[in-house]
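Before any comments, here is the structure.
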Amino acid sequence: MSDSRVRSEMKHGLGGTTQLIAAQPVIDKTQSVPSEALRGQSCPLGATPGANGANFSVYSRDASGVDLLLFDRDDARPARVIPLDPFINHTYHYWHLFVPGVKVGQIYGYRVRGPFDPSAGMRFDDSKVLLDPYGRGIVVPKNYSRDEAQRPGDNAATAMKSVVVDSRAYDWEGDTPLAGPPSRTIIYEMHVKGFTQHPSSGISEETRGTYRGLIEKIPYLQDLGISAVELLPVFQFDAQDCPPGRVNYWGYAPVSFFAPHQGYSSGRDSLAPVTEFRDMVKALHRAGIEVILDVVFNHTAEGDHCGPTFCFRGFDNNAYYVLEQDRSRYANFSGTGNTLNANHPIVRRMIVDSIRYWVQEMHVDGFRFDLASILARDSSGHVMANPPVLWDIESDPTLAGTKMIAEAWDAAGLYQVGSFVGDSWREWNGRFRDDVRSFFRGDEGAVRHFADRLLGSHEMYWHKEREAEQSVNFVTCHDGFTLNDVVSYNQKHNEANGENNRDGGDDNRSWNCGAEGSTNDPTIEELRNRQVKNFMTVTLLSLGIPMFVMGDEVRRTQLGNNNAYCRDADINWFDWSLLNQHADVHRFVKLLINRRLLRDASDQRQRITLTELIAKGSKGWHGVKLDQPDWSTCSHSIAFSAELARENVLIHFIFNAYWEALDFELPRVGNGSESLWQRWIDTSLPAPQDIVPWQESPFIVEQTYKAGPRSLVILWARIGDGLLASIALAESSGGSRAML
């Protein structure tokens, strides 16, 4: 067998039969006197410090014995080993004790005894140091080894270990989660380390790539204008969970759901990660920026049946994981080797407790749930109509107002975009990404889907009668091409990942504009710039919550790598010199964010589908001729008008994905023949004419507008003071007024 854990316990008997023999306990000469430990309490779970010591409590149903290990250093063997008495320190399935004299900052772990019987789903291994599933802090020794946690033998010196943390010992100075309205939310997806790790960041070497380094760059985020950062995983993860010679950079390999990642702390003290994370949240809140965490409750870094033992499988493998009918194998709906058993009562409680902790004790504003559809599966992997864990989160009053965003699919093909369970969940709209890319690439049959995505993907969400902000609109995210690479590569180039370019998605709907990768051709570069601005404009102005990934505003490239999860190098870091190289794109995005038009109308969306609007011949939609939109499969252009009633402003949008310039008739906005339109955006024009400050928009004299090839145009006109005749409203913007 390939399972490295089937080791000395499996002995071959006569006739080739296999017998299961109990693992030998690890003997430590530093055994403490049992009377030092008091009974303790089963609640709360985890390590809870008090005035005279600390209470410890963990869950393990089938364990026959539990030892608490206390360490003086993170890279040493335990200084004290305290066995828990199965009669005194054991209530139901909870093992607990109070240890006098233990203080905040104490490093600790567990060893758990029990059957190693994979066929029954049990994988106890008392040679391994286990993290506390509820541990609020973790230390990682310099000589940490994933391999040592996987192969037979004692790994005390090379194991990650938990830290006793006092969750109350921090001065928040009145800070609370911001609870910003979704209609005013603009999400900037970013990586804590990658944001400041590049030498060009100007951050000191000691704080580059840390929570503290991010604090130093908050003025940049304020100037850009975003309202929320969505941080790639900051739960402690295993950086060694990756191909040999690589690093798990993204962090989708959790070993804890409570402890902030130690590697993002500039301090070496065991409590520094918790304090620095809180400092970062408080500083972002002072700047008016919300903090959303990308959380991974679908799998852990313990991998498949050959994987290491860090925590969960060593406490209760049957409870924490979805197992196949062959209980020695893990169901793999996550694509990473295992699947968390999210709807098991113990795991449900842990997930909800984790979310509460990050909101109440760490002041986080929201969560993006990675592969959230896995949370809809039961212990057999079947999809549930009403998953308990999702409704626990949905109905928890302490989480009311917290932003919950679902990546509503999983790696096994379950796709729930538009149908995710719950009333308050928002969804990453992968169809927005695909349809907008298809339209600007010039694909046939894209215009109808593109038009619906502009209006909040109403055909996908109308049945829930929800606000447009149920849809989180994005063209790029960490997973896939950067925006620069969407317009620079036709194929992925993941060779450096060490998997022969087999990893990463193949359906990128990208177009290199005439050359694969970087080029000095000014014509191609001009087209790429235009396409980048097209994508950013549609993302930020469509109905819904807009999101874009770190560096798209300056055309950050990953050299065509669409799965750079294992590259902790400048390919993933924000190169701050791009601010000068692509200053026109940066300026464009800033002005766009500053005047995100459709926010003012986002709660007025019409409750009928795009198909019905087309069938009714709505006057709001246009082609090159007024009131004559072309919905055919070969159409590559569309225009429409919309009213911002609160501002007495009429907006006219022109989208031309055709490869030639087109003349579009403009609706009349005055009683006379003179046009009163003003041009805000035309991506075919060079900077700074491509976008101008709102109040500096030049007037358009003609009754037609020539939209350049593969460009978009936004015009506006004031409609107050009698400038817009009622008949013009009816004929030129009636459909879109209702729509928005």
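Asp304 - would you say it is surrounded by fewer than 20 Cβ atoms within 10 Å (Cβ to Cβ), charged (D, E, K, R), in contact with a strand residue (DSSP E or B) (Cβ under 6 Å, 6 or more places away or on another chain) and closer than 19 Å to Phe237 by Cα? So Asp304 fits the description; yes. Only residues that are part of a loop (DSSP other than H, G, I, E, B), of a type outside the set (Val, Ile, Thr) and modelled with pLDDT of 95 or more were counted across the stretch 544-566, and they come to 10.
Residue count for the stretch 685-708 under the criterion of being surrounded by 16 or more Cβ atoms within 10 Å (Cβ to Cβ) and in a loop (DSSP other than H, G, I, E, B): the result is 6. Gly337 meets all of the listed conditions (1) touching a Cys at 6+ places or on another chain (Cβ under 9 Å); (2) free of Cβ contacts under 8 Å to residues at least 24 places away in the same chain but one, namely (2). Selection of the stretch 197-212 for residues being of a type in the set (S, T, N, Q) and surrounded by fewer than 20 Cβ atoms within 10 Å (Cβ to Cβ) yields Ser200, Ser204, Thr207.
Based on what the data block shows, is Asp147 in a loop (DSSP other than H, G, I, E, B) and at pLDDT 95 or above? When the stated conditions are applied, Asp147 does not pass them. Applying the condition of being assigned to a helix (DSSP H, G or I) and β-branched (Val, Ile, Thr) to the stretch 334-376 and asking which residue is surrounded by the most Cβ atoms within 10 Å (Cβ to Cβ) yields Ile374. Quick check, is Ser419 modelled with pLDDT of 95 or more and among the polar types (S, T, N, Q)? No; evaluated as a whole, the condition is false for this residue. At pLDDT 95 or above and over 34 Å from the mean Cα position of the chain (by Cα): does that describe Leu650? For Leu650, the condition - at pLDDT 95 or above and over 34 Å from the mean Cα position of the chain (by Cα) - is not met. Among the conditions (1) assigned to a loop (DSSP other than H, G, I, E, B); (2) assigned by TED's automatic domain parsing to the domain that holds Gly209; (3) closer than 28 Å to His96 by Cα, the only one that Val274 does not satisfy is (1).
For the condition touching a strand residue (DSSP E or B) at 6+ places or on another chain (Cβ under 8 Å) and not in a strand (DSSP E or B), Asp132 qualifies. Take the residues in the stretch 390-420 that are within 18 Å of the chain's Cα centre (by Cα) and charged (D, E, K, R), then tell me which one is surrounded by the most Cβ atoms within 10 Å (Cβ to Cβ). Taking the candidates together, the pick is Lys403.
In the stretch 557-577, the residue that is surrounded by the most Cβ atoms within 10 Å (Cβ to Cβ) out of those that are farther than 15 Å from Asn248 by Cα and hydroxyl-bearing (Ser, Thr, Tyr) is Thr557. Kindly indicate whether Gly617 is among the small types (Gly, Ala, Ser), surrounded by fewer than 21 Cβ atoms within 10 Å (Cβ to Cβ), closer than 30 Å to Lys464 by Cβ and modelled with pLDDT under 80. Yes; evaluated as a whole, the condition is true for this residue. Just checking, does the stretch 456-463 include any residue being at pLDDT 95 or above, among the aliphatic types (A, V, I, L, M) and either buried (at least 20 other Cβ atoms within 10 Å of the Cβ) or closer than 30 Å to Glu660 by Cβ (or both)? No, the stretch 456-463 contains no residue that is at pLDDT 95 or above, among the aliphatic types (A, V, I, L, M) and either buried (at least 20 other Cβ atoms within 10 Å of the Cβ) or closer than 30 Å to Glu660 by Cβ (or both). Of the set (1) on the phi > 0 side of the Ramachandran plot; (2) free of Cβ contacts under 8 Å to residues at least 60 places away in the same chain, all apply to Thr207 but (1).
Against the criterion of being aromatic (Phe, Trp, Tyr), part of a loop (DSSP other than H, G, I, E, B) and either in the same structural domain as Gly114 (by TED's automatic domain parsing) or within 21 Å of the chain's Cα centre (by Cα) (or both), Phe297 qualifies.
Consider the stretch 72-96 and keep the residues that are among the hydrophobic types (A, V, I, L, M, F, W, C) and closer than 24 Å to Arg123 by Cβ. The one that is nearest to the chain's Cα centre (by Cα) is Trp95. Consider the stretch 495-536 and keep the residues that are more than 29 Å from Ala707 (Cα to Cα) and touching a Lys or Arg at 6+ places or on another chain (Cβ under 8 Å). The one that is surrounded by the fewest Cβ atoms within 10 Å (Cβ to Cβ) is Asp506. Among the criteria (1) out of contact with any Pro (no Cβ under 9 Å at 6 or more places or on another chain); (2) closer than 23 Å to Leu414 by Cβ; (3) among the hydroxyl-bearing types (Ser, Thr, Tyr), the one Thr300 does not fulfil is (1). Got at least one residue in the stretch 536-548 being in contact with an Asp or Glu (Cβ under 7 Å, 6 or more places away or on another chain), assigned by TED's automatic domain parsing to the domain that holds Trp425, under 30 Å from Asp452 (Cβ atoms) and β-branched (Val, Ile, Thr)? For the stretch 536-548, residues in contact with an Asp or Glu (Cβ under 7 Å, 6 or more places away or on another chain), assigned by TED's automatic domain parsing to the domain that holds Trp425, under 30 Å from Asp452 (Cβ atoms) and β-branched (Val, Ile, Thr): present.
Being among the charged types (D, E, K, R), within 22 Å of Met460 (Cβ to Cβ) and surrounded by fewer than 18 Cβ atoms within 10 Å (Cβ to Cβ) is a property that holds for Asp423.
The values are calculated or read from the model by the stated rules, or taken from the named source; none is laboratory data. Just so it is clear, the model here is predicted, and its values are computed rather than measured. With ideal geometry, Cβ positions are generated from the backbone for all residues, glycine too; neighbour counts draw on all protein chains shown.
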